[in-house]
1. In the structure displayed, which of LYS91/LYS336; LYS68/LYS325; LYS353/LYS399 lie more than 29 Å apart, Cα to Cα?
2. For the stretch 154-231, what is the Kirkwood hydrodynamic radius in Å, using each pair of distinct C-alpha atoms?
3. When DSSP assigns beta bridges and you keep just the ones with both residues in the stretch 82-221, what percent turn out antiparallel, to the nearest 5?
4. Over the Cα atoms of the stretch 1-144, Rg to Rh with Kirkwood Rh, two decimal places?
5. Take MET13, MET254, MET1 and order them by how many other Cβ atoms sit within 10 Å, fewest up front.
6. Grab the Cα-Cα distance for ARG86 and ASP282, subtract it from 0.36 nm times how many residues apart they are, and report the gain in nm with one decimal.
7. What Kirkwood radius, in Å to one decimal, follows from the Cα pairs of the chain?
8. Could you list which residues have their amide H under 5 Å from that of GLN396, counting only those 5 or more apart in sequence or on another chain, with H placed in the peptide plane?
Amino acid sequence: MPQYYIWTIGCQMNKAESERLGSYLEQSGYQATATADEADFIVLNSCVVRQSAENRVINKLNALKPVKGSRPGITLAVTGCLVNSRVDQLKQRFPHVDYFFKPGDYPQWLEEPNKLRPVLPRHPSPTTFVPIIQGCDNLCTYCIVPYRRGRERSRPLAEIADEVKELVHRGVKEVTLLGQNVDSYGHDLPDQPDLADLLYELNTIDGIARLRFLTNHPKDMSPKLVEAVAELDKVCEQISLPVQSGDNDILIAMRRGYTVEDYRQLVTEIRSKIPEVALSTDVIVGFPSETEPQFQQTVSLLCELRFDTVHVAAYSPRPGTIAAKKFEDNIPSAEKRGRLIKIEQLQERIAAKINAQLLGRTVEVLVEGKNKGKWQSRTRTGKLVFFSDNNDCLGQLVKIRVEKTSPWSLQGKVKAHSND
Ligand code: SF4
C-alpha cells in the first residue's frame, strides 16, 4: 500500500485541512507514515504569515531535495499559504516539487468534486476543528492571508450541521469552528445566516458537549454573538479577540477598523454578559515606526484588560502586502525582540495570577489525550489541565480539583467522572 506523509505548520486552519487531506488520501488507498523517508507521497502544508514560518518551510523544502533525488519515484506536493497565484515562479524556484495546490483544495489528480465539502477526519480526536469560512475580505496592511486564501466563502449552515452530527457519530465531543474571520460567517450565503444562528443550530445537536469558534475580528463581533455565547449551554466561555496594538495611530496604519476605545468597550460588554469568560488576544510589536510610547500604550492596555492568553509576534514584512509596499521596516530586530520579551514576561505574570485563582476550585474538563503519562484536558475556558487516572478517560468529561497552577497550565486530581 502506498504511504503518505503530511508536514504541517501554521494556524489551526492548516491543521484541520491537513487532517482532512490525510483522510482523503486514506480513502484513496494511501496509508499514513510517521516520516518523509518512508513516504511515497509527501505534502508540505505551509505557512508564510511570518518570516520565521516561511524560513522553516523553505528549509524543509530544501531538506527534501536529497530525498527526492535518491527516490525520484516519490511525489512531493506543497499546499498552504506559500502557494500564490504565480505557481510558475514557485516551480522555477523549487523544481523538485511535483505539484503546488491552493490551501483548502485537493491535489489535482485527487480532485474532490465539491471542494467546499471536505472529507471528514476518519478517526477524529474527541476535540476537532471544522472550517466554516475560507478566506478574508479584510485588508489588514501587514497580512498576507487575503492574497493567499482569497475572498470569503462560507459553507452552508445545513452542511456544517450535518458534518457536526457525523463527527459526533465518530466520537467527537467538542468542535471548534474555524475561519480567518468567523464573525463574517454567512454574509455570502442566500439567507445570510450569521455565526450566532449557526451556534444556535449546533447547540441542538445531541452528543456534542462543547462548541468553540476562532478567530474573531473586533470590528465585526456582534452583540447577537455575545448573547449567543452567554445563552447557549454548549458554547464555551472562551473568546479570541486579536487587538494587535494599543495605539490608535498604529491601528490606523494596520487598517484594523477599530479604535482602542471601541475595543475596550467590546471587552467590557463581553465580560458583563459572560462573567467567567477567558479572553485571548494577539499583538504585533515593532510595526513600522512604532515608537516606544506607542509600544507602552500596548503594554498599558494588556495590564488594564488582563487577558488569559496573549500571542505576541514581532512584525516582519510580507512581500505583496500593503505595509511592505508603503512602510519601511524601520524598527531594529533587537528592539522588536526586546518588546516581544517584555510582553511575554508581563503576560506570564498576569496569567500566573489569573490561573492561581483556580487553586482549590473544581473545574470540568474534557480529556483530549495523553501527554507524558498524564491525561491532557481542557476547561470550558480553554485552560490546559493535566491529571493522572487509571481509567480510560479519553473523550470523557471529568471533574478535577485544581491542586497546582502555572501561567501555562493546571494540575489536579479527579473528583468525579461524568458517568459517576
Ligand atoms: S482579519 Fe486581517 S489579520 Fe485576519 S486574516 Fe483577515 S486580513 Fe489577515
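Here, each number is a calculation from the coordinates, and none is a lab measurement. Computed from a prediction, not measured in an experiment: that's the story for all the values here. Note that each Cβ is placed from the backbone with ideal geometry, even for glycine, and that neighbours are counted across all protein chains shown.
1. LYS91/LYS336; LYS68/LYS325
2. The Cα-based Kirkwood calculation yields 12.8 Å.
3. Around 15 percent antiparallel, to the nearest 5.
4. Ratio of gyration radius to Kirkwood radius for the stretch 1-144: 0.95.
5. Ordered by Cβ neighbours within 10 Å, fewest first: MET1, MET254, MET13.
6. Gain on extension, ARG86 to ASP282, equals 67.5 nm.
7. Its Kirkwood hydrodynamic radius stands at 22.9 Å.
8. Under 5 Å from the amide H of GLN396: VAL367.
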